[in-house]
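Shown next, in structure tokens, is the structure this report addresses.
The values are calculated or read from the model by the stated rules, or taken from the named source; none is laboratory data. Keep in mind that this is a model prediction, so the values were computed, not measured. Note that we place each Cβ from the backbone using ideal geometry, even for glycine, and neighbour counts take in every protein chain shown. Heads up: the accessible areas ignore ligands, DNA and RNA and are worked out on the full protein's heavy atoms, side chains in. Shrake-Rupley method; radii C 1.70, N 1.55, O 1.52, S 1.80 Å.
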Amino acid sequence: MPFSPLIQSGIRGFASAVKQRLAAAISASDRAYLPANMTSKPGMRGVWIPSTDCKVLTSKQRIAGAMDFLADTGFNTVFPVVWNRGLTAYPSQIMREQFGVEIDARYAGRDPLAELVIEAQRVGLKVIPWFEYGFVSSYNLNGGHLLATKPEWAARDRSGNLLKKNNFEWMNSLDPEVQDFLLGLMLEVARNYPVQGVQGDDRIALPCEGGYDRQTIARYRQECGKTPPPNSKEPHWLRWRANIITEFVARLHRELKAINPELLLSMSPSPYEWGLLEYLQDSKTWVDRQLVDMLHPQFYRRDFHSYKQMVDRLVGQLFSREQLHCISPGILVANRGSSYCINPELLLQVIACNRDRGIQGEVLFFYEGLQDNGNCLAEVLKNGPYARRSSV
């Protein structure tokens, strides 16, 4: 039942008062504790645009409105999803030829990526398409249409079952043919659209429980002279598989630069070294070997102490001061599954923590959270740390 005009007016008044209060707080007392370089140095101001719990990609009008909103708020880079649920958000020749499905049916007759690039360019935003699902084939669909068509691409656990972790079903990311497929999709976008780069997610990986398919077992025997151990975290076996993922990242970086040296490879892995032990993501080696241009570790913590611990470890133990220029952590601002939305004070705290530790940017997950509570978070950013426009 719609609210009465009187109640609607009261709601609008309350939202306006909250935004004014926060803006005033930022412009006055809060600015005193923010580092001096909080708004003075350029850095990554990014945001992910998914297709789950987010309507941006559903129409050209919504795309245009979102780009206006983000540019006005002070963002400089958008990461729109182009690969999830085994489908693309752009017309893909590779998908049409291999699976007979050119684009996600939700976007039939359109090219959301092309539409977004045009609108982003109009307002000065950089675009780095986000391959969210990486080597994942499906979510709770027993492999989905990808593995129904190519069952030989399935990753296997030590019992020989389709590899499934946290309800995601996986392709075998150690298989050269599977690697060629995903590489092809990412390079297809890099070649065909005027974007600034491409991004791999925490699923440019393989759950540590995988690698027990016949092909990988035979390869391990040939290269190492022994059978994979039943303990999926046995150090040599884990490192051997992680190295294969690392070499895929190296190849992706090399072939991306062959298209255009200015194109950027962005990766958003799970935090090191949990990501290595659980998903074979050796993100420290990726940075040490300069295989990535941008790294956005997913520091999705919901309290300041936990976030600061991760940043302190990253700066104090994992990377040198010189390496920090490529690192912009991922910050969780909303999770619809748990109805979570970061409070404005915590968002300011974690951004201030980044700057204080020499990290000049961040990427926020995800777009819709910025518009909760009458654009509350967007107003906080616009009137605070993002008050000065920044270009990466």
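A few points about this structure:
Every residue, every condition in (1) crowded, with 23+ Cβ neighbours inside 10 Å; (2) over 18 Å from Arg254 (Cβ atoms); (3) small (Gly, Ala, Ser), yes or no:
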residue	(1), (2), (3)
Lys164	no, yes, no
Gln179	no, no, no
Arg191	no, no, no
Pro194	no, yes, no
Ile204	yes, no, no
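- Some residue of segment 317-339 being aliphatic (A, V, I, L, M) and touching a Pro at 6+ places or on another chain (Cβ under 6 Å): no
- When Val392 is tested against (1) within 16 Å of Ser268 (Cβ to Cβ); (2) open to solvent by less than 20 Å² (accessible area, probe 1.4 Å), just one condition goes unmet, and that condition is (2).
- Selected residue [in contact (Cβ under 8 Å) with a residue 12 or more places away in the chain and outside any helix (DSSP H, G or I)] from Pro229, Pro207: Pro207
- Enumeration of residues in segment 130-153 that are without any contact (Cβ under 8 Å) to a residue 60 or more places away in the chain, under 17 Å from Arg203 (Cβ atoms) and touching a Gly at 6+ places or on another chain (Cβ under 6 Å): Ser137, Ser138, Gly144
- Flag if Tyr220 is assigned to a helix (DSSP H, G or I), buried (at least 18 other Cβ atoms within 10 Å of the Cβ) and of a type in the set (Ser, Thr, Tyr): yes
- Which listed residue, of Leu364, Leu377, is over 23 Å from Leu264 (Cα atoms) and open to solvent by less than 10 Å² (accessible area, probe 1.4 Å): Leu377
- Val350, sole failed condition from (1) within 15 Å of the chain's Cα centre (by Cα); (2) open to solvent by less than 50 Å² (accessible area, probe 1.4 Å); (3) farther than 30 Å from His236 by Cβ: (1)
- Filtered residues of segment 79-123 (kept if on the phi > 0 side of the Ramachandran plot and either assigned to a strand (DSSP E or B) or without any contact (Cβ under 8 Å) to a residue 60 or more places away in the chain (or both)): Arg85, Gly100, Gly109
- Each residue in segment 167-203 was checked for being farther than 26 Å from Ile217 by Cβ and of a type in the set (A, V, I, L, M, F, W, C), and 7 pass.
- For segment 246-269, the tally of residues that are surrounded by fewer than 23 Cβ atoms within 10 Å (Cβ to Cβ), in contact with a strand residue (DSSP E or B) (Cβ under 6 Å, 6 or more places away or on another chain) and not in a helix (DSSP H, G or I) stands at 2.
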